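So the structure is just underneath, and the comments pick up after that.
Read the figures in this text as sums done on the coordinates, not as results from a lab. Since the model is a prediction, treat every value here as computed from it, not as a measurement. Positions of Cβ are backbone-derived with ideal geometry, glycine not excepted, and every protein chain shown enters the neighbour counts.
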């Protein structure tokens, strides 16, 4: 059975700590973009309820942005 020294264990823990922080940061970035896109869609909904026409290309762009972020995650 192999035993790791304290230095090797610490290095491994540091590596996984940095990886976890990096992955968490990236996921938070993706979620922030999706959240902002949802807010934009809500704004478009309010505009439509007031009778302001919404360009379908704008809706398509928001949809594509969300899809891109989902694939990124």
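For Cα pairs less than 8 Å apart in space and 6+ apart in sequence, what is the mean separation divided by the residue count of the chain, i.e. the relative contact order in percent?
Across the chain, relative contact order equals 39 percent.
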Overall dimensions of the stretch 12-68 by Cα: Rg and Dmax, Å: 17.2, 59
Based on DSSP H runs of at least 4 residues, each adding -39500 (n - 2.57), what is the mean residue ellipticity at 222 nm of the chain after dividing by all its residues, to the nearest 500 deg cm²/dmol? -30000 deg cm²/dmol
Can you tell me the FRET efficiency between residue 13 and residue 34 if r is taken as the Cβ-Cβ distance and R0 is 25 Å, rounded to the nearest 0.05? 0.20
Within the stretch 56-73, backbone nitrogen closer than 13 Å to the virtual label 7 Å beyond the Cα of residue 27 toward Cβ: 73
